[in-house]
Amino acid sequence: IVCTNTNLFVIKYSSYVSQLTSLFNCIRLSACFVRRKEIDKKIMSSLSSVTRRYMRICSVAIVFMMLHIFLNTDQSPPSSPRRFLQAKTDEAEDTNTTTSDSISSVESNYVSENNLRMLSFGTSRTWGSGMNHPKTEAYPGLLNSRNEAIRASDSNYPAMCTYSMVGEHDIVDVITIEYMPMSFWGTRDSILQLGRRLRQRFPDATIIFLNVWTPHQFFHKGTNIGLRQFVIDNTDMTGKVVLPEGALEEALQKTSNQDWEFYGFNEDWLEDAANDPLINGTVLSLAPPNMEDPMLAILSVAPLYLKDMSHFSKLGHVWTKNLISDFLQEQNKKRSDRVNPWESTDQCLSWFETGQSPLGTNMHMHEFSPTKFALEAQLSKSINFIELVNENSHPEFLYLSHMSTGPNAFYPDAIAEIYSNMTELEFSKSMSFHDVKKKTSSKHILTCYNETPPQLPVHVVSHHYIGEVPPGRSFLTLKPNMKKPYPFRSVGIILSPKAFGDKVEAIF
């Protein structure tokens, strides 16, 4: 055995003692992978007799070392990735038969035991993508946390819609925020805005920013492509949708440690947010990869992720749950009912799944797919409008949520404009699509993602910035530009005290 990969350790006759020392250090991190890799018989037959003798010494050492690991597993910190990879890989990753409930029963749940109220924000990782039962198998479910994560999202949406997402009456003791490094669209401002709004409301809450790196952050220097794409390019994918078992190890065999580099992306944003005096949060991290041996670093965390190398596996969700639970236990976190009045409110409405909207409109609410609803703007109408009410004393920023497709355009584009009174609204009836488009106050809404690969068509909710809404009553008008298979469909609005760019990433 040469520790998972023949390229990881080359045992040299002249320095076998130091090589054995390195091997022992490797075994503790990668013992869980030993059973998954078999030595090629051709390689074994080509080894010199001297090398084979030291290989036999290594085999004996491995037996004693694995026995040592087994007997001392409980001495590791409960949240250690090393402990989880050693203790849980066989039952949760290799066999794929152990449920998250049975795994989580091994570890205590400090949140439940102390009746803490918890709220989780995040991307599809926190949402539970890839799990059969996301509500119970993702780490928020394992912690009995309310899960407000949104797939394919960044921190912009929750930063603008914090009030709408949290509510007026709920109290929370623990808040987790997971947006980096998975979210590349997120902005530093929105991370700060989200943390500050939450801290202002919940002065005693523990705010945790999760920073758990993924194998997806490794790039191959020679080709400048990510690890997952490198594995795909070096694997026979004929008739396969997901990477086959062993593909990662086989692809790494074709490289050396010098071929890989790691990108932390914008992890410093999390540190900045946690250290902000108006947030006073904490960053919980997976220890940075050891770049002296990047291939071993990749293999050591692989069981925490699905084959896409980005979303947590069952084991990854349990590990994250324990990371949070152990930290709260160390801090002796207790409940607190102290809250402050919201400093700013927002109005983020979606009728996509309910078909219910409190806003006045002349558009028809249509169930265009089972349990999917939209207000449809008709080309035949002289005007399609939604009535808005800004109850604040200052202007707020409006985003419109609407349906989009790609790469084919099934919806017409539309021109949106905001009018502050009925007189202006009536006058707009006589204006054509192109007349309104010429106005600097109007916004052209695109409904097609042209760059979407043909093999991966999308039909999703998009959110685009429209403009400022003054205090009081206003009207949002929509003028479609042409006939398409489907009419223009709006499914919600975002009315927020702050805007973050021309669009918001959040797939409902």
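The values are calculated or read from the model by the stated rules, or taken from the named source; none is laboratory data. What you see is a predicted model; the values in this text were computed from it and never measured. Cβ placement follows ideal geometry from the backbone for every residue including glycine, while neighbour counts extend to all protein chains displayed. The area values use the complete protein model at the heavy-atom level, side chains included, leaving out ligands, DNA and RNA. Shrake-Rupley method; radii C 1.70, N 1.55, O 1.52, S 1.80 Å.
Brief remarks follow.
- Among the criteria (1) over 20 Å from ASP293 (Cβ atoms); (2) in a loop (DSSP other than H, G, I, E, B), the one GLY222 does not fulfil is (1).
- Candidates in segment 192-217 are the residues that are open to solvent by 10 Å² or more (accessible area, probe 1.4 Å) and in a strand (DSSP E or B); of these, the one that is modelled with the lowest pLDDT is ASN211.
- A count restricted to segment 231-240 and to residues that are outside any loop (DSSP other than H, G, I, E, B), open to solvent by 10 Å² or more (accessible area, probe 1.4 Å) and among the hydrophobic types (A, V, I, L, M, F, W, C) stands at 1.
- Which numbered condition GLU468 fails, given (1) over 27 Å from LYS372 (Cβ atoms); (2) out of contact with any Pro (no Cβ under 8 Å at 6 or more places or on another chain); (3) not aromatic (Phe, Trp, Tyr): (2)
- When LEU210 is tested against (1) within 20 Å of THR320 (Cα to Cα); (2) under 20 Å from the mean Cα position of the chain (by Cα); (3) without any contact (Cβ under 8 Å) to a residue 60 or more places away in the chain, exactly one condition is not met: (3).
- Any hit, segment 296-304, residues being out of contact with any helix residue (DSSP H, G or I) (no Cβ under 6 Å at 6 or more places or on another chain) and among the hydroxyl-bearing types (Ser, Thr, Tyr): no
- Just so you know, in segment 106-142 the residues that are open to solvent by less than 10 Å² (accessible area, probe 1.4 Å) and either of a type in the set (Ser, Thr, Tyr) or in contact with a Pro (Cβ under 6 Å, 6 or more places away or on another chain) (or both) include one that is nearest to LEU194 (Cα to Cα), and it is PHE121.
- Residue count for segment 221-230, restricted to those that are farther than 24 Å from HIS317 by Cα and open to solvent by less than 20 Å² (accessible area, probe 1.4 Å): 1
- Total residues in segment 150-165, condition open to solvent by less than 10 Å² (accessible area, probe 1.4 Å) and either touching a Pro at 6+ places or on another chain (Cβ under 7 Å) or among the charged types (D, E, K, R) (or both): 1
- Verdict on PRO244 being modelled with pLDDT of 95 or more and loosely packed, with under 15 Cβ neighbours inside 10 Å: no
- Qualifying residue in segment 266-274 (condition: farther than 30 Å from SER344 by Cα, open to solvent by less than 40 Å² (accessible area, probe 1.4 Å), assigned to a helix (DSSP H, G or I) and modelled with pLDDT of 95 or more): no
- All positions within segment 247-265 that are under 30 Å from LEU284 (Cβ atoms) and open to solvent by 60 Å² or more (accessible area, probe 1.4 Å): TYR263, PHE265
- Output for segment 474-508, where each listed residue is among the aromatic types (Phe, Trp, Tyr) and either assigned to a strand (DSSP E or B) or crowded, with 23+ Cβ neighbours inside 10 Å (or both): PHE475, PHE488
- Selection within segment 158-185 - part of a loop (DSSP other than H, G, I, E, B) and within 17 Å of the chain's Cα centre (by Cα): TYR179, MET180, PRO181, MET182, SER183, PHE184, TRP185
- The strands (runs of 3 or more DSSP E) found entirely in segment 312-395 that carry 2 or more residues being surrounded by fewer than 16 Cβ atoms within 10 Å (Cβ to Cβ) and not hydroxyl-bearing (Ser, Thr, Tyr) are 364-369, 384-390.
- Within segment 366-391, residues that are closer than 19 Å to TYR419 by Cβ have Cβ atoms under 7 Å from residues that are assigned to a loop (DSSP other than H, G, I, E, B) and basic (Lys, Arg) in these pairs: SER382/LYS429; ILE383/LYS429, counting only partners at least 6 apart in sequence or on another chain.
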